[in-house]
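One structure below.
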Amino acid sequence: MKNIINSSSEVADQPPIEEVGASFTQRLRERLVDVVAQLAAGGALIIVFIYLTFASPVFLTLNNLFNIVSQTAVTAVIAIGMTFVIITSGIDLSVGSNAALSGVLGVMLIVNSGVPWPLAILGGTIIGGIIGLVNGLLINAARLSPFITTLGMMGVARGLVSIFTNSVGVYGTPDDFQLLGQGTIYGIPIPLLVVVLLALLAHLILNRTRLGRYTYAIGSNGEAARLSGIPIKRYLTLIYVIQGLLAGFAGMIASSRVNSGQPNFGIGLELDVIAAAVIGGASLFGGQGTILGTLIGAFLISIIRNGAVLLNVNIYYQNVIIGVVIWLAVFWDQFRRRKFAVASR
Amino acid sequence: MSLSKDEPVLRLQHISKQFPGVFAVNDVSLDVYPGEVHVVAGENGAGKSTLMKLLSQVEKPSSGTILLNHEPIRFHGPQHAQSLGIAMIYQEFALAPHLTIAQNMFLGQEPLRLGLIDRSTEIQRSRTLLKQVGLNIDPRRLVSGLSVAEQQLVEIAKALSLDAKVVIMDEPTATLTEQEIHELFNVIHNMTERGIAILYISHRLDEIFRIAHRVTVMRDGQVVATLPRAEIDEKKLIRLMVGREIANLYPKPSTTIGEVVLRVTGITRAHVLRNCSFELHAGEILGFAGLVGAGRTELARAIFGADRIDAGTIEVEGKKVRIKSPEAAIQAGIGYLTEDRKRDGLAMNLGIDQNITMAHLPVVAGILNLGQERRTALQARDQLRIRTPSIRRKVEVLSGGTQQKVIVARWLETQAKVLFFDEPTRGIDVGAKAEIFDLIGKLAQQGRAIILISSYLPELLNMCDRILVIREGQIAGAVEREQFSEERIIALATGAREIEAQ
C-alpha cells in the first residue's frame, strides 16, 4: 500500500488491538485443525494398511503393492483434476466416460491410423481436453450448471465410445505401449511416478500460482471474485479443460494397463474420483480441498477394495464399506469444523 | 386480558449461555411488561441475538430461569416456545417461498377436517389475520411473489395466529423503505394496544427513539442498563453501547477538491437506469441518496461494469474508457465496495491476506509472490488497524467492522482513483462506523474521489461535499453541502417537490 493511511485519529480512545493475549494458543489451535483434518484420512489409511499387513499374507508383497499403485493411478490422476473442479464448487460427472472415450480413441490412433504410441498418448490426452473444453463452454457460455452439463456429457461420451467401437474392445497395440501403465524405472512403477509428478505439479499450481488462488477464490465466493476483477469464466473453462486433459491421460493409462481399448472402462469411476476428493477434505460447497488429501482419499479407497478382495469379502460389501467411509469422512470434517470454530487454513 | 399491565409477562432471572470459552450471555435479568416495546440495543457480539435465541428456545440456557406469567418455562425447543406464546420474527425470514401465504401461516398447525387439511378455514382465518396487520392481499398467493416488507407482515400475522404474548423482532427494518418502516411501526403499535409485548432488537438509533418504551443496553453479554425512553438520549445510548465516548461519529476532514476524475454521461440500462450523468472530482465525497430500489446501487454497478449498460460513456481523468467488466473498471482505476459484504464481497473461507490481495495479486508470470502478499497484508493490518492475531485468519470469524476494513484494504491495494462505498456501515458497530468514516475522510484527503451510497441520511449529510439524489433510475437533482437539509433530499427522493409545483 503506497498511500499511507495515517492512524492518528479523531476517533477517541481506540480499544487496544484485541485478542492478542490469546493469540499463541489460538494460532496453535488453528494449525492443529489443519493437521487433524489430514490426519483423519491419513490415519485411516495407515490403520487399514497395518491391519491388512497382518490380516493377509499377500497384502504386503511387492507384486500386490504394485498392483494397488497402478490401479490407483487412474483414479488418482483424475482426482487431481477433480480437486480443482470441486474447489470451484463445481462437479464433473463425465470423467469416467471421458477416460473411456479418450482411451479407446487413443488406442484406435495406434491400431487404425498407425500413429506412434507416445504420440497417441498425447492424442488421447488432447481428446480428453476437448471434451473438457466443451464442458467448460457449456457451463460458462451457455450457463448450464456443472452437474447438468457433465451429466449430459457422461451420456454423450459413453454413447460415442459405443458408436466408434460397436461396444467391442480395440486390440493390436505394440507391447511397448504397456510401458505407461505397467512399466518401471529403476524398479519404481511408472504409474506411481506419473501420479507423484502430477500431484506435485498440481499442489504447486494450487498454492503458488494465480490459477490456484483464483480456483479457491471462485469457489469460496464467485460473485466476490468477479467483482474483484477476476475473469471467472475464463478460469473456470480452463479448469474443466485441465480436468478433461487429466481424464484423457488417465484413459490412456488404463488402456496401457490392459494393452487395448476397452469401451466399458470407467463406468462409475466418477463416483470413486469424487469420493476420493471428498474423503480427502474437499468441500462440495467449494473453497476447500487439497491435493494431498485427495491422494490419501484415492489410496484409501483402493486399499479397502484391494483388501476386500484379498480377504475374500463379498464384492457387494466393498461398496457398502466405501459408502460408510464417505459418511465417516464428511461427518468427521463437519464435526471438527464445529469443534474448532475458529478455523483457519 | 387476564394480565395486569403492572405485572411482567416475561421475567428472565440470571440467564447465562456459555459457549466453549466464552459467555455469550452472562447473568442477564430482564422484565418485559405487557404492551411495551422493549428495545434491546448493543453492538454486534453484545449478546442480543443469543439472548433472543434463548427466549425462543432455539438455544438452551446454561443456567437461570425464564418465567412466563410467573410460571418457570422448560426447555423443549422452538415449537414449545411458540405454543407458549413466544414468537420470533427472524432477520432472514423463515417462510417457505413455494407455499401460499395461508399454507405458511398455518404450517405445523393446519386446521383439519376428517384428517384432511381444511383449506377454506385456513384461507378464511388467514384473511382475518392479514387484515390485522394491514395487509390486503389474497392468502392464496405464493410467498415468493411478496416484497420483503409484505413477507415480514405475514410473519407477524403468523405470530398473531399463535396468540403470541411476546413477539421478538430481530432488526426488522434492515431492508425496509421509510414508508414500509412507518407501516410496520403502526402494526407494532396496534399489537401493543392489545397487550402484546414486543422485544425489539435494533442497531439504528433513530428507530430506537421512535418506538421504544424502554431500552435495555447490552455489552459483552451483560445488561449494562435498562432505562425508560425519557431518560436516554443519543449520546448516552452510544456511550452505554460502546462503553466509551465517541467524540465525533462523522469525522469529516476538510479537503481540497481538484480536477474532474470521473465523468459519466448518459448511462442507461433498460428498465433500471435512464440517462444518468454526473461528474466527480478528486478529493470529493459525493453521496448517492434515494429510496431503496431507486437505482443507487444499480448506477454504481453499471459504472463498475458489474452489470451491462445499454448506452452511455464513462471518462476517467479525461480519457474515455470502455468498461465491460469489473476487470476493465479496476484497470481504469475504479473500485467498488459492495453493499452486501458476505454475499458478494468476501471469500469467507479464505484468509485475511488472500482477501486483501484478491483484486491485485502479486504475481510474476503467473507465480504468486507469497512474501509480497504477506508484507502487503501486514502493512494493511497496521494502517487500517485490522484487529486480528493472524493475517492468515479466515475472514468468516471476523466482526463486521473488521471484515469491512479487509475489503477497504483490498481496494486500496488496487490504487483505485475512484472508490464506491455502498452502504459501508451496514451491520457495523457504532465504534467501527466512526473508524470507517474516518478512513473515508482520509482517502478523500489524499485526493481519491469517493462515492458514498447510504440509506441513512445523517451519514450522507455529515460526510459528503455534494449529494446526488436518485429517483426511479434517474438523477433527480444534486445538492451542494451549503444547501444540505434532510427535507430537501427527501423531497427530491420522493418527488414531493414536483407534486407541490403541480
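Among the residues of segment A:190-210 satisfying the criterion of being facing chain B (nearest Cβ under 7 Å) and assigned to a helix (DSSP H, G or I), which is surrounded by the most Cβ atoms within 10 Å (Cβ to Cβ)?
Our first condition is that a residue be facing chain B (nearest Cβ under 7 Å); within segment A:190-210, this holds for A:208-210.
Now narrow it down to the ones that are assigned to a helix (DSSP H, G or I): A:208, A:210.
On the way: A:ARG208: 16, A:ARG210: 18.
So the residue we want is A:ARG210.
Can you tell me how many residues within segment B:201-225 are more than 22 Å from B:LYS433 (Cα to Cα) and open to solvent by less than 40 Å² (accessible area, probe 1.4 Å)?
Matching residues across segment B:201-225 total 3.
When you go through (1) within 14 Å of chain B (Cβ to nearest Cβ); (2) touching a Ser or Thr at 6+ places or on another chain (Cβ under 8 Å); (3) open to solvent by 40 Å² or more (accessible area, probe 1.4 Å) one by one for A:GLN178, which number turns out not to apply?
All conditions pass for A:GLN178, except number (1).
Name the strands (runs of 3 or more DSSP E) wholly inside segment B:228-319 in which the number of residues that are surrounded by 15 or more Cβ atoms within 10 Å (Cβ to Cβ), within 14 Å of chain A (Cβ to nearest Cβ) and modelled with pLDDT of 95 or more is 2 or more.
Passing ranges: none, list empty.
Do the conditions hold for B:VAL397, that is, is it farther than 17 Å from B:LYS252 by Cα, aliphatic (A, V, I, L, M) and at pLDDT 90 or above?
For B:VAL397, the condition - farther than 17 Å from B:LYS252 by Cα, aliphatic (A, V, I, L, M) and at pLDDT 90 or above - is not met.
Give A:ASN319, A:ASN264 a once-over and let me know the one that is modelled with pLDDT of 90 or more, open to solvent by 10 Å² or more (accessible area, probe 1.4 Å) and more than 16 Å from A:ALA40 (Cα to Cα).
The conditions single out A:ASN264.
Just to confirm my filter: which helices (runs of 4 or more DSSP H) fall fully inside segment A:230-331 and include at least 1 residues that are more than 17 Å from the chain's Cα centre (by Cα)?
Because the criterion is at least 1 residues that are more than 17 Å from the chain's Cα centre (by Cα), the helices (runs of 4 or more DSSP H) in segment A:230-331 that meet it are A:232-258, A:291-310.
Quick one: count up the residues across segment B:48-103 that are in a helix (DSSP H, G or I) and of a type outside the set (Lys, Arg).
So the answer is 16.
Do we have A:GLY287 as within 14 Å of chain B (Cβ to nearest Cβ) and either of a type outside the set (A, V, I, L, M) or open to solvent by 20 Å² or more (accessible area, probe 1.4 Å) (or both) here?
The answer is yes for A:GLY287.
Looking at (1) open to solvent by less than 10 Å² (accessible area, probe 1.4 Å); (2) within 30 Å of A:ASP175 (Cβ to Cβ); (3) not small (Gly, Ala, Ser), which one does A:MET108 not meet, given that it meets all the others?
(1)
Yes or no, residue by residue, for (1) closer than 21 Å to B:GLY145 by Cβ; (2) under 27 Å from the mean Cα position of the chain (by Cα); (3) charged (D, E, K, R):
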| position | (1), (2), (3) |
| --- | --- |
| B:LEU68 | no, no, no |
| B:PRO72 | no, no, no |
| B:PHE75 | no, no, no |
| B:GLY85 | no, no, no |
| B:MET88 | no, yes, no |
| B:ALA96 | yes, yes, no |
| B:ILE101 | yes, yes, no |
| B:MET105 | yes, yes, no |
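Considering only segment A:69-90, state which residues are aliphatic (A, V, I, L, M) and surrounded by 20 or more Cβ atoms within 10 Å (Cβ to Cβ).
Once the filter is applied, which keeps residues that are aliphatic (A, V, I, L, M) and surrounded by 20 or more Cβ atoms within 10 Å (Cβ to Cβ), segment A:69-90 yields A:ALA73, A:VAL74, A:ALA76, A:VAL77, A:ILE78, A:ALA79, A:ILE80, A:MET82, A:VAL85, A:ILE86, A:ILE87.
Any residue that is within 7 Å of chain A (Cβ to nearest Cβ), surrounded by fewer than 23 Cβ atoms within 10 Å (Cβ to Cβ) and of a type in the set (D, E, K, R) - is there at least one of those in segment B:360-377?
No; the residues of segment B:360-377 include none that is within 7 Å of chain A (Cβ to nearest Cβ), surrounded by fewer than 23 Cβ atoms within 10 Å (Cβ to Cβ) and of a type in the set (D, E, K, R).
Kindly indicate the residue of segment B:384-426 that is surrounded by fewer than 20 Cβ atoms within 10 Å (Cβ to Cβ) and not in a loop (DSSP other than H, G, I, E, B) and also farthest from the other protein chains (Cβ to nearest Cβ) among those meeting that condition.
Step by step, filter segment B:384-426, then rank; the result is B:GLY400.
May I ask you to say which residue of B:THR338, B:THR357 is hydroxyl-bearing (Ser, Thr, Tyr) and at the interface with chain A (Cβ under 7 Å from one of its Cβ atoms)? Walk me through it before giving the result.
Numbers: B:THR357 fails: at the interface with chain A (Cβ under 7 Å from one of its Cβ atoms).
Unique residue meeting the criteria: B:THR338.
Could you give me the residue pairs with C-beta distances under 8 Å whose first residue belongs to segment B:434-458 and is at the interface with chain A (Cβ under 9 Å from one of its Cβ atoms) and free of Cβ contacts under 8 Å to residues at least 40 places away in the same chain, whose second residue is assigned to a helix (DSSP H, G or I) and crowded, with 23+ Cβ neighbours inside 10 Å wherever it lies, and which are 6+ apart or on separate chains?
Matching pairs, first to second residue: B:LEU443/B:LEU412.
If you go through segment B:101-121, how many residues are of a type outside the set (Phe, Trp, Tyr), buried (at least 20 other Cβ atoms within 10 Å of the Cβ) and in contact with a strand residue (DSSP E or B) (Cβ under 9 Å, 6 or more places away or on another chain)?
The qualifying residues number 2.
Out of all the residues in segment B:326-349, is one or more on the phi < 0 side of the Ramachandran plot, assigned to a helix (DSSP H, G or I), surrounded by 17 or more Cβ atoms within 10 Å (Cβ to Cβ) and among the basic types (Lys, Arg)?
yes
Can you pull out every residue in segment A:105-129 that is of a type in the set (A, V, I, L, M, F, W, C) and over 16 Å from A:ASP176 (Cβ atoms)?
A:LEU105, A:MET108, A:ILE126, A:ILE127
Against the conditions (1) more than 9 Å from chain A (Cβ to nearest Cβ); (2) more than 18 Å from B:ALA380 (Cβ to Cβ); (3) in contact with a Phe, Trp or Tyr (Cβ under 8 Å, 6 or more places away or on another chain), where does B:PRO326 fall short? Just the number, please.
All conditions pass for B:PRO326, except number (1).
Looking at (1) away from chain A (no Cβ under 13 Å); (2) free of Cβ contacts under 8 Å to residues at least 40 places away in the same chain; (3) not β-branched (Val, Ile, Thr), which is the only condition B:ARG466 fails?
Of the numbered conditions (1) away from chain A (no Cβ under 13 Å); (2) free of Cβ contacts under 8 Å to residues at least 40 places away in the same chain; (3) not β-branched (Val, Ile, Thr), the odd one out for B:ARG466 is (2).
Taking segment B:25-53 on its own, how many of its residues are open to solvent by less than 10 Å² (accessible area, probe 1.4 Å) and out of contact with any strand residue (DSSP E or B) (no Cβ under 6 Å at 6 or more places or on another chain)?
Total satisfying the criteria: 0.
So which residues in segment A:115-153 are open to solvent by 20 Å² or more (accessible area, probe 1.4 Å), aliphatic (A, V, I, L, M) and within 18 Å of the chain's Cα centre (by Cα), if there are any at all?
Hits for segment A:115-153 are A:LEU133, A:LEU151.
Quick one: how many residues across segment B:435-453 are under 10 Å from B:PRO251 (Cβ atoms) and in contact with a helix residue (DSSP H, G or I) (Cβ under 9 Å, 6 or more places away or on another chain)? Explain how you work it out, then say what you get.
To start, the set of residues in segment B:435-453 that are under 10 Å from B:PRO251 (Cβ atoms) comprises B:435, B:437-442.
Those still in the list that are in contact with a helix residue (DSSP H, G or I) (Cβ under 9 Å, 6 or more places away or on another chain) too: B:435, B:437, B:439-441.
Counting residues in segment B:435-453 that are under 10 Å from B:PRO251 (Cβ atoms) and in contact with a helix residue (DSSP H, G or I) (Cβ under 9 Å, 6 or more places away or on another chain) gives 5.
Conditions tested, residue by residue: (1) in contact (Cβ under 8 Å) with a residue 40 or more places away in the chain; (2) surrounded by fewer than 24 Cβ atoms within 10 Å (Cβ to Cβ); (3) more than 14 Å from chain B (Cβ to nearest Cβ).
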| site | (1), (2), (3) |
| --- | --- |
| A:GLU223 | no, yes, no |
| A:THR237 | yes, yes, yes |
| A:GLN243 | yes, no, yes |
| A:LEU246 | yes, no, yes |
| A:PHE249 | yes, no, yes |
| A:ASN259 | yes, yes, yes |
| A:GLY268 | yes, yes, yes |
| A:ILE279 | yes, no, yes |
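The values are calculated or read from the model by the stated rules, or taken from the named source; none is laboratory data. As the structure is a computational prediction, the values presented were derived from the model and not from experiment. Cβ sites come from the backbone with ideal geometry, for glycine too, and all protein chains shown count toward neighbours. Quick note on the areas: whole protein, heavy atoms, side chains included, nothing else; ligands and nucleic acids left out. Shrake-Rupley method; radii C 1.70, N 1.55, O 1.52, S 1.80 Å.
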